[in-house]
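These notes concern the structure reproduced below.
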Amino acid sequence: MATSRPRTVFRDEKTHMKAMILAAGRGERMRPLTDHTPKPLLEAGGLPLIVWHIRRLVAVGVCDLVINHAWLGARIEEALGDGSRYGARIAYSPEAVALETAGGIATALPLLGDQPFVVVNGDVLTDAPLSGLATAASSLSVDRQAHLWLVDNPPHNPQGDFGLLVGGQVNAQAQDGNGLTFSGMAAYHPSLFRDTPAGEPAKLAPLLRAAMMRGAVTGERLPGLWLDVGTPERLAEADRIASDWAR
């Protein structure tokens, strides 16, 4: 499936930790709010959700950012520009149609380079110190390809996604170990996506489960607040929380 080529390759790829913010989703449950505004640009506490991520990444020294987009992607580029106003350097990976998480990351690999990187969902609210993910990313390899931040199971996902084992390994079955929900925030080694074609839709969960079977995925509880801003009600909750941060 054809898709636009990623724009702007960063210099000195081997010396800078990079992060990708996933921003390509349509946000169906947020309609009509997302009919004219991309979900990551919806505001909480007076700032777009995605800007909170940018600020937190820059605060821990992760300034080279890649943002993918599909639905109303031009609005995201217009709003954020090259990132300089936030102290960041932003490159964009446009998708003709949303490619799912793994497909979006695989398509953006030319921008992300050959070193481990951090990935966060653009439509969550968190106060977790992202330095923890950057530290985890620096220790990844072809033998340990992912480190996930997990959270207690929210009402909309009561069974959980994966099982966190003693010692930090993550199991593909939630019932094996402490069953928790994947927060959408993680560190990855690019080798995890080497067999995922660029420009084609691909889900992340099958890649992670296969890596878990190889013992290549670790994880921990997310150290802080996490809110999946998936509905107007949760957006209102996010606004209440972030309003306190903005004071």
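The values are calculated or read from the model by the stated rules, or taken from the named source; none is laboratory data. Please read all numbers here as calculations on a predicted model, not as lab measurements. Please note: Cβ atoms are built from the backbone with ideal geometry, for glycine as well, and neighbour counts cover all protein chains shown.
Looking only at residues that are out of contact with any Asp or Glu (no Cβ under 6 Å at 6 or more places or on another chain) and among the β-branched types (Val, Ile, Thr) in segment 124-151, which one is farthest from Asn178 (Cα to Cα)? By that ranking, first place goes to Val142. Exactly one residue out of Leu49, Leu99, Leu65, Leu109 is within 23 Å of Ala202 (Cα to Cα), in contact with an Asp or Glu (Cβ under 8 Å, 6 or more places away or on another chain) and of a type in the set (A, V, I, L, M, F, W, C), and it is Leu99. When segment 112-131 is examined, which residues are found to be crowded, with 24+ Cβ neighbours inside 10 Å and in a helix (DSSP H, G or I)? The one that is crowded, with 24+ Cβ neighbours inside 10 Å and in a helix (DSSP H, G or I): Leu112.
Hey, among the residues in segment 143-179 that are surrounded by fewer than 14 Cβ atoms within 10 Å (Cβ to Cβ) and under 20 Å from the mean Cα position of the chain (by Cα), which one's modelled with the highest pLDDT? Checking each candidate, the answer is Asp152.
Within segment 202-225, can one find any residue that is among the hydroxyl-bearing types (Ser, Thr, Tyr) and touching a helix residue (DSSP H, G or I) at 6+ places or on another chain (Cβ under 6 Å)? No, that holds for no residue. The single condition from (1) modelled with pLDDT of 95 or more; (2) under 23 Å from Ser139 (Cβ atoms); (3) touching a strand residue (DSSP E or B) at 6+ places or on another chain (Cβ under 7 Å) that Arg89 fails is (2). Close contacts from segment 186-211, counting a first residue that is in contact (Cβ under 8 Å) with a residue 12 or more places away in the chain and a second that is of a type in the set (D, E, K, R), with Cβ to Cβ under 8 Å and a gap of 6+ residues or different chains, come to His189/Arg144; Pro190/Asp114; Pro201/Glu100; Ala202/Glu100; Lys203/Glu100; Leu204/Glu100; Ala205/Asp161. Do the conditions hold for Ala74, that is, is it in a helix (DSSP H, G or I), without any contact (Cβ under 8 Å) to a residue 12 or more places away in the chain and exposed (fewer than 15 other Cβ atoms within 10 Å of the Cβ)? Yes, satisfied.
Among residues of segment 196-247 being assigned to a helix (DSSP H, G or I), surrounded by fewer than 16 Cβ atoms within 10 Å (Cβ to Cβ) and of a type in the set (Asp, Glu), the one that is farthest from the chain's Cα centre (by Cα) is Asp244. For Tyr92, the test of being surrounded by fewer than 22 Cβ atoms within 10 Å (Cβ to Cβ), of a type outside the set (Asp, Glu) and in contact with a Lys or Arg (Cβ under 8 Å, 6 or more places away or on another chain) is failed. For segment 180-196, give me the residue count where each residue is more than 21 Å from Val151 (Cα to Cα) and modelled with pLDDT under 95. Residues that pass the stated criteria total 2.
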